[in-house]
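Below you'll find the structure, written out as structure tokens, and then a few comments.
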Amino acid sequence: MTLFQATLATALVLLATGGHLLWHGARTEQQLKAFPRSKTAAYILMGSAASWFLYLVLQLGPSDFGQYRTQLFGIFLVTAIGSFYYAPDFLAVRGLAGLTLLIAGVLLDAAYMQVPQSRLFLVSFVYLCIVLAIILGAAPYKLRDFFDWLYRKPQRSRLLGLSIALYGVLLALTTLFY
């Protein structure tokens, strides 16, 4: 993936997410508050993150403990399956956090050693997402608390949507300078 593609894809996701929050505002409250404990979202997000991670484990080279990839694959597969049985609470949030970290790796690879200074808008956003993913992976209940805070006042969700959409526009505009 090129830097242009990575930035444009991120901009489109931000525009869609921000536009949805801006347009629908408080009408999304029930869906977002149900997300952290959603079993369907947990199966989709955690399953996707685990599958992608297990694929990466199978691709390990000799310098990355590749000689143990079969054992590592088994350990992580058992851990992923076990998480559905032994830690089902907030598994959708943990799956989202894992998927965010995996996507961040792809986006940072696209920006690695690129000349344009405007790439820093993408990289800064990706590092913010990494920090949030680590926090939510360790304490997934904080997303529930955030949604409670967000919908306590109706204008907060629209303001967040506007902020996200404007950053998406900024990222889209930076692609013009690559």
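The values are calculated or read from the model by the stated rules, or taken from the named source; none is laboratory data. Here the structure is a predicted model, which is why all the values come from computation and not from measurement. No Cβ is skipped: glycine too gets one built from the backbone with ideal geometry, and neighbour counts run over all protein chains shown.
Annotations for the structure displayed:
- For Val57, the conditions (1) surrounded by fewer than 18 Cβ atoms within 10 Å (Cβ to Cβ); (2) free of Cβ contacts under 8 Å to residues at least 60 places away in the same chain are fulfilled apart from (1).
- Residues that are loosely packed, with under 14 Cβ neighbours inside 10 Å and either closer than 11 Å to Leu162 by Cα or of a type in the set (Asp, Glu) (or both) within the stretch 1-15 are absent altogether.
- So Pro88, is it of a type outside the set (A, V, I, L, M, F, W, C), under 21 Å from Ala139 (Cα atoms) and surrounded by 15 or more Cβ atoms within 10 Å (Cβ to Cβ): no
- Flag for Leu166 being under 25 Å from Thr40 (Cα atoms) and in contact (Cβ under 8 Å) with a residue 40 or more places away in the chain: no
- Flag not set for Leu32, criterion: touching a residue at least 60 places away in the same chain (Cβ under 8 Å), touching a Lys or Arg at 6+ places or on another chain (Cβ under 8 Å) and closer than 19 Å to Gly161 by Cβ.
- Options Leu108, Leu54, Leu102: the member that is within 24 Å of Leu143 (Cα to Cα), under 18 Å from the mean Cα position of the chain (by Cα) and in a helix (DSSP H, G or I): Leu102
- The stretch 9-66, subset charged (D, E, K, R) and modelled with pLDDT of 90 or more, residue nearest to Lys153 (Cα to Cα): Lys33
- Scope the stretch 130-146; condition part of a helix (DSSP H, G or I) and either exposed (fewer than 12 other Cβ atoms within 10 Å of the Cβ) or out of contact with any Pro (no Cβ under 9 Å at 6 or more places or on another chain) (or both); matching residues: Ile130, Val131, Leu132, Ala133, Ile134, Ile135, Leu136, Gly137, Ala138, Lys142, Asp145, Phe146
- Of all residues in the stretch 128-141, those that are more than 9 Å from Thr100 (Cα to Cα) have Cβ atoms under 8 Å from Cβ atoms of residues that are hydrophobic (A, V, I, L, M, F, W, C) and surrounded by fewer than 18 Cβ atoms within 10 Å (Cβ to Cβ), 6 or more apart or on another chain, in Ile134/Leu101; Gly137/Leu101.
- Residues satisfying the stated conditions in the stretch 39-53, i.e. surrounded by fewer than 16 Cβ atoms within 10 Å (Cβ to Cβ) and closer than 13 Å to Asp89 by Cβ: Lys39
- Annotation: Tyr167 fulfils all but one of (1) surrounded by 15 or more Cβ atoms within 10 Å (Cβ to Cβ); (2) at pLDDT below 95; (3) among the hydroxyl-bearing types (Ser, Thr, Tyr); the unmet one is (2).
- Close pairs (8 angstrom Cβ cut-off, 6 or more residues apart or separate chains): under 13 Å from Phe53 (Cα atoms) and among the hydroxyl-bearing types (Ser, Thr, Tyr) in the stretch 85-100, surrounded by 20 or more Cβ atoms within 10 Å (Cβ to Cβ) and modelled with pLDDT of 95 or more anywhere: Thr100/Ala133
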